[in-house]
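Every number here is computed from the coordinates shown, using simple stated rules; none is lab data. Keep in mind that what you see is a predicted model, and the values were worked out from it rather than measured. Positions of Cβ are backbone-derived with ideal geometry, glycine not excepted, and every protein chain shown enters the neighbour counts.
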Amino acid sequence: MDLRKLKTLIDLVAESGISELEVTEGEGKVRIVKAPPQVMAQPMPMQAAPAIAAAPAPA
């Protein structure tokens, strides 16, 4: 299978509602799987540690 056919198949999978396509041509076999978009988690800002109050001096 030449690269133009492969590119066309990739475009068809990307534009369609299918999530997987497998094509066998002669001895060759191609399987294209569309993965769901990955959501990147935003890192949480680090909070400052609470200030430690000094213990009162003994009387």
*Could you state the principal axis extents of the C-alpha atoms in the chain, from the largest down, to the nearest angstrom?*
94, 23, 17
*In degrees from 0 to 90, rounded to the nearest 10, what is the angle of the helix 3-15 Cα long axis to the longest principal axis of the chain?*
60 degrees
*asked:* Let's see if you can work this out: charge +1 on each Lys and Arg Cβ, -1 on each Asp and Glu Cβ, no other charges. What is the dipole magnitude of the chain about its Cα centre, in debye to the nearest 20?
replied: 160 debye
*Along the positive direction of the dipole of the chain (beta-carbon charges: Lys, Arg +1; Asp, Glu -1; about the Cα centre), which of Ala49, Thr24, Pro37 reaches farthest?*
Ala49
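Which order, highest average first, do 24-34, 41-51 follow once you tally other Cβ atoms within 10 Å for each residue and take the mean per peptide?
Details: 24-34: 10.1, 41-51: 5.8.
Packing proxy ranking, top to bottom: 24-34, 41-51.
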